[in-house]
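The values are calculated or read from the model by the stated rules, or taken from the named source; none is laboratory data. The structure presented is a predicted model; accordingly, all values stated were derived computationally and were not measured. Positions of Cβ are generated from backbone atoms using ideal geometry, with glycine treated the same way; all protein chains shown enter the neighbour counts.
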Amino acid sequence: MKMMSYWLDTAKPFASAASGGPQGTADVAVIGAGFTGLCAALALAKKGAKVVVLEADRVAGAASGRNGGMCNNGFAQDYGGMVERFGIERANMFYRAFDAGVDKVESIVAEEGIDCHFGRIGKLKLAAKPEHFDKIKRSQELLARNVDPETQLVMPADLPSEIGSDRFYGGMIYGKSANMHMGMYGQGLAEAVVRHGGIVHEHNPLIGMRRVSGTSHELTTPHGSIIANQVLLATGTSRVGPLGWFRRRIVPVGAYLIATEPLPVELLDRLTPRRRNTVDTRNFVSYFRTTPDNRILFGGRARFSSRSDPAADAKSGAILRQSMLNFFPELVDTRIDYCWGGMVDMTSDRLPRAGERDGVFYSMGYSGHGTHMATYMGGVMAEVLDGKVDLNPWRDFDWPAIPGYFGTPWFLPFVGAYYRYRDMVG
């Protein structure tokens, strides 16, 4: 079993990184070579800007290359709750932004010729308890009437056509959702940035940032420094560099995954006939999809932790394997080939934040919907840097610090215990 991301292990490494460190000047410096940073850099480079991307590790090496491989439209939250909080017009605007993210991924893949197995296979949300299906039915009725007619219910009697498991009580399909190979997508984005004139520096963590004037900053890494007219932070839960204000507002929560050995097609036809992205309704959520080489990739919260290292990942992987067997007992003798973890950058309300603070632009906090929202917001922020702030759907959101939190989420075990209790009592 490899203790590393399946996506990163099975994609070609990025071959066009600039040597050494940054130097001179740039129109825009982008901090972070995940999907947000790379998509922003791509859009800016295509506009003719001189763009330099600074990445602490490797391209797409953090959340962008460690996720569940899903590109799902729709909210993590209940749509009805979002309508109650924001009103129907604003809730629909946010919902359509997530839809636009999936569309944006598809268009970039086509325009840049990125071979990453993109496919619109749909998302299946499964009711883990009978009462959960009642809530799904109410939500689907609202969605179909107001904003997403491509959703549809799956009645309990019809579940065998969608999943080979008797553990669930109905579900809902989001027809616009897609999946792809995340490592190939990240590598393809980085190559596209360079192809359009951008510069990407790997292994250059930001260690210093000094405001020169207005939005102009001097940025320092261990290997050099650069003065940029504008700076975009696209770093997620980065614990490196002078980013303390953001760390008080984002909680890194561990997400963990396993991938099986390649499975016979006839077995997959029984377990997941339509090969959809699949997620359940528990607070300790589980999700799975198939990979291009016929593995089942199975992930979830497993436990509330802010650690991802071999010991933590292995412990969580064992929990995930048991969850997978609860779904699919016939996989009991199946080998697990990959086990890995990564950090999901959660905001307190599980909605993104993007804007400008003290002359520095930022977009982050996707809270588990990073693939398509990061892609979408990368393009949006390229326009915001040009002064088109009204295109930012999150422009009016306040972002207070989390009380008593300074970057170390000491409260996660208590949150985990609370959600485990909620799962037990329904």
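Values for this structure:
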read-out: Search result, residues across the range 178-220 that are hydroxyl-bearing (Ser, Thr, Tyr) and under 23 Å from the mean Cα position of the chain (by Cα); value: Tyr185
read-out: Residue, nearest to Ser5 (Cα to Cα), within the range 322-333, restricted to residues that are crowded, with 18+ Cβ neighbours inside 10 Å and not aliphatic (A, V, I, L, M); value: Ser323
read-out: Test for Asn229: is it modelled with pLDDT of 95 or more and at positive phi; value: no
read-out: Matching residues, the range 200-231, being in a strand (DSSP E or B) and within 17 Å of Ala60 (Cβ to Cβ); value: Val200, His201
read-out: Long-range neighbours under 6 Å by Cβ, at least six apart or interchain, first residue closer than 17 Å to Ile31 by Cβ within the range 364-380, second among the basic types (Lys, Arg); value: Gly365/Arg353
read-out: Restricting the range 374-412 to residues that are of a type in the set (Asp, Glu) and assigned to a loop (DSSP other than H, G, I, E, B), the residue that is farthest from Glu106 (Cα to Cα); value: Asp398
read-out: Tally of residues being in contact with a strand residue (DSSP E or B) (Cβ under 6 Å, 6 or more places away or on another chain) and either in contact (Cβ under 8 Å) with a residue 60 or more places away in the chain or hydroxyl-bearing (Ser, Thr, Tyr) (or both) across the range 36-67; value: 13
read-out: Arg289 buried (at least 20 other Cβ atoms within 10 Å of the Cβ) and modelled with pLDDT of 95 or more; value: yes
read-out: Options Gly342, Gly370, Gly365, Gly407; residue that is at pLDDT 90 or above and not aromatic (Phe, Trp, Tyr); value: Gly365
read-out: Residue in the range 66-75 that is assigned to a strand (DSSP E or B) and within 22 Å of Val279 (Cβ to Cβ) present; value: yes
read-out: Single residue of the range 383-399 satisfying the filter (touching a residue at least 60 places away in the same chain (Cβ under 8 Å) and more than 21 Å from Asn229 (Cα to Cα)) that is farthest from the chain's Cα centre (by Cα); value: Trp399
read-out: Filter pass, Ser64 being closer than 30 Å to Ala312 by Cα and touching a helix residue (DSSP H, G or I) at 6+ places or on another chain (Cβ under 6 Å); value: yes
read-out: Test for Arg211: is it modelled with pLDDT of 95 or more, loosely packed, with under 15 Cβ neighbours inside 10 Å and closer than 22 Å to Met381 by Cβ; value: yes
read-out: Odd one out for Tyr419, checked against (1) modelled with pLDDT of 80 or more; (2) in a helix (DSSP H, G or I); (3) of a type outside the set (Lys, Arg); value: (1)
read-out: Selected residue (only one of Ser316, Ser306 is part of a helix (DSSP H, G or I) and either modelled with pLDDT under 95 or not basic (Lys, Arg) (or both)); value: Ser316
read-out: Among the residues listed as Ala157, Ala144, Ala190, the single one being part of a helix (DSSP H, G or I) and either among the charged types (D, E, K, R) or in contact (Cβ under 8 Å) with a residue 60 or more places away in the chain (or both); value: Ala190
read-out: Residue in the range 307-315 that is surrounded by 19 or more Cβ atoms within 10 Å (Cβ to Cβ) and acidic (Asp, Glu) present; value: yes
